[in-house]
1. Any idea how far apart Ser393 and Asn219 come out in nm if each label point goes 7 Å out from Cα toward Cβ?
2. Under 12 Å between alpha carbons, and skipping anything fewer than 8 positions from Lys297 in its own chain: which aspartates and glutamates qualify?
3. How high is the FRET efficiency between Asp197 and Lys55 when r is their beta carbon distance and R₀ equals 30 Å, given to the nearest 0.05?
4. If one computes P(r) from the Cα atoms of the chain, what percent of pairs lie at distances over 38 Å?
5. Can you give me the relative contact order of the chain as a percent, contacts being Cα pairs under 8 Å and 6 or more apart?
6. Using helices alone, I'd like the mean residue ellipticity at 222 nm for the chain: each DSSP H run of four-plus residues gives -39500 (n - 2.57), total over residue count, nearest 500.
7. For the pair His433 and Val291, how long in nm is the line joining their label points, each one 7 Å along Cα→Cβ?
8. Probe radius 1.4 Å, ligands and nucleic acids ignored: give me the carbon and sulfur share of the accessible area of region 278-355 as a rounded percent.
Amino acid sequence: MCTTVLVGKKASIDGSTIIGRNDDTFAPYNPQRFYVQASNKEQSGIYSSNQNGFKAELPKAAYRYQIVPNVDIKKEGFFGESGFNEKNVGMSATESVYANEHVLAYDPLLSDGLAEDSMMLMVLPYIDSAKHGVEYLGNLIKTHGSAEGNGVIFSDKNDVWYMEIVTGHHWVAQRIPDDACCVIANQVSIEEIDFNDNENFMWSEGIQEFVEKNNLNPNLSGWNFRKIFGTSTEKDRHYNTPRVWFGQRYFNPDIKQEPDSNDLPFIFHANRKLSVEDVEYILSSHYDETVYDPYGKGTETEKLLFRPISLNRTQNSHVMQVRNNVPEDLSTIMWICVGVPAYTPYVPFYGNSNDSDPSYSDTKLEWNLTDAYWMYRTVTALVEGHYSKLIQSDLDYLKECREFLIRIINETDEAGKYLRNEEATKFLTNKNHEIVAKMREITMKYIGELVVKSIELSKLTFDMDKNL
């Protein structure tokens, strides 16, 4: 259960393509690790999912890639979630989406088909561009079928592609226009498909015939994928569409819409150039400054009416940036938040690196302050325990983090702009470690401050004569 934000390169402030997503699970905590898998030109064998029995032969050669899986793979499954490969191609998987019963009746999901738990492993190491990612995954669905409805994002320096797999074998994908953006929240989102435009749309083989044969198109004219394959239920209007409404409202306050509308557009335009921080704001939000904010000034009914974007069960939130204003060796950055994004910062990792950091790659299942996952979750627990008293200190902490990170990214870009190949990779790997160390220093200092403030806020106190 996730929320996705997409931004084309001409819609961003610096010419980057930007994709972001919250990875929300069904539990308040499900520890994840983040590491880099080395390239492998001699791999062999069969991949097998321990979740649903999906099996497929592995290609011989795999690129180096980042990956963010669960720690408890045996129990929870792999679920790689997000990363860049060495070709500077980004992938985030998946946004859960749901088809209606009419299309599923004619093309049901396959219990042992390709599912989210296996998708990153089966795709990211083998693709050379965002569009190639759609083609590659589409062929896997054709061969093996799909076990569930999934929205999948691919990006490179030029393109952002969004792909929706909704039945056992059928899917569509759309290239996001360079000057546009999208907010997606657990619903089929893609609308009109132009089957004469192969540059901006892709689709599964035989999808038009499938719809026509089974009388599935309810539209008086046109071919609207959302209307044909998607859902429109009361749950959608309380769980899904309000998140899209809030994101579109933040990117363009001039857009006047209702949070429970089922006709919010897939593609829209912001009223300004968008930054990584803008995407982070949406992913970290809980209807801030509206009556629907659980911490806001609305009625008790209003505050609990809609499902927030940032949740205590957001296990990681990531914003993936491919920049066009720096050399390609420095172009990819995955900003990752392994705490709850409403309270904790996004830490940047250059994609062109050989590892992450032990505090990210060696995450334990049990709480400990050595691991980034648990350190940032400690911030969340302490702040939320006394929200009204501590939220301003948290906002100050986040501002301090952002200021440091903007500065060090600029310094790193400047220092590394003439480095190439292995020299650049080594330099950026070391910088990733340096960034993690400084962020740990800032955060542990803040945790100490929170502990002291929490003690002072205890209700087990009483005003008394200082002489007693």
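1. It is 5.4 nm.
2. Once the sequence-local aspartates and glutamates are set aside, what remains near Lys297 is Asp288, Glu289.
3. Numbers: r = 36 Å, r/R0 = 1.18.
Step by step, r from the Cβ atoms, then E = 0.25.
4. Values: 24431 of 109278 pairs.
Counting pairs separated by more than 38 Å, the tail of P(r) holds 22 percent.
5. Relative contact order comes out at 17 percent.
6. On the way: 13 runs with 152 residues, N = 468.
After summing the helix terms and dividing by the residues of the chain, the value is -10000 deg cm²/dmol.
7. Result: 5.5 nm between the two label points.
8. 49 percent
The values are calculated or read from the model by the stated rules, or taken from the named source; none is laboratory data. In this text, all values refer to a predicted model and were calculated from it rather than measured experimentally. Cβ: placed from backbone, ideal geometry, glycine included. Neighbour counts: every protein chain shown. Heavy atoms of the whole protein, side chains included, go into the accessibility calculation; ligands, DNA and RNA do not. Shrake-Rupley method; radii C 1.70, N 1.55, O 1.52, S 1.80 Å.
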